[in-house]
1. Working only within region 60-77, note down all residues that are at pLDDT 95 or above and more than 14 Å from the ligand (Cβ to nearest atom).
2. Look through region 40-59, keep the residues that are open to solvent by less than 80 Å² (accessible area, probe 1.4 Å) and within 10 Å of the chain's Cα centre (by Cα), and return whichever of them is modelled with the highest pLDDT.
3. For residues in region 13-39 being of a type outside the set (A, V, I, L, M, F, W, C) and assigned to a strand (DSSP E or B), which is farthest from S55 (Cα to Cα)?
4. Would you please list the contacts, defined by Cβ atoms under 8 Å and residues six or more apart or on different chains, that run from a residue in region 38-51 that is closer than 18 Å to D16 by Cβ to a residue that is at pLDDT below 90 and part of a strand (DSSP E or B)?
5. Taking region 26-39, which residues are more than 7 Å from the ligand (Cβ to nearest atom), open to solvent by less than 20 Å² (accessible area, probe 1.4 Å) and modelled with pLDDT of 95 or more?
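The values are calculated or read from the model by the stated rules, or taken from the named source; none is laboratory data. These numbers come from a predicted model, not from an experiment. Cβ sites come from the backbone with ideal geometry, for glycine too, and all protein chains shown count toward neighbours. The accessibility values were calculated without ligands, DNA or RNA, using every heavy atom of the protein model including side chains. Shrake-Rupley method; radii C 1.70, N 1.55, O 1.52, S 1.80 Å.
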Amino acid sequence: MTDAPRSRSPLTKFPDITYRRAAENMVWHFCQNCGNWPIDDFAEVTTAQHLLKGSLCLECIAKRHFGECTMSTTRGK
Ligand SMILES: [Zn+2]
């Protein structure tokens, strides 16, 4: 048993995505063109993981589904 997972498969590598949530809300947004994208008094996290507490904005999910989501992504080198 020497299959230590020290290098991840490229298939599981996601670009970093910037998430924002309003200070008083636990819903995370990832589309900058979301109608509810927080513009002040927000928390921001940039991560490739989906390990955020709270839930994702349904409008953002719908935008992504229809290819209308303007995400802030940064790809690693
Ligand atoms: Zn949203």
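1. Scanning region 60-77 gives a single hit, G67.
2. The qualifying residue modelled with the highest pLDDT is L56.
3. For region 13-39, the residue satisfying everything is D16.
4. T46/D16; T46/I17; T46/T74; T47/D16; T47/I17; A48/D16; A48/I17
5. Within region 26-39, just P38 meets the criteria.
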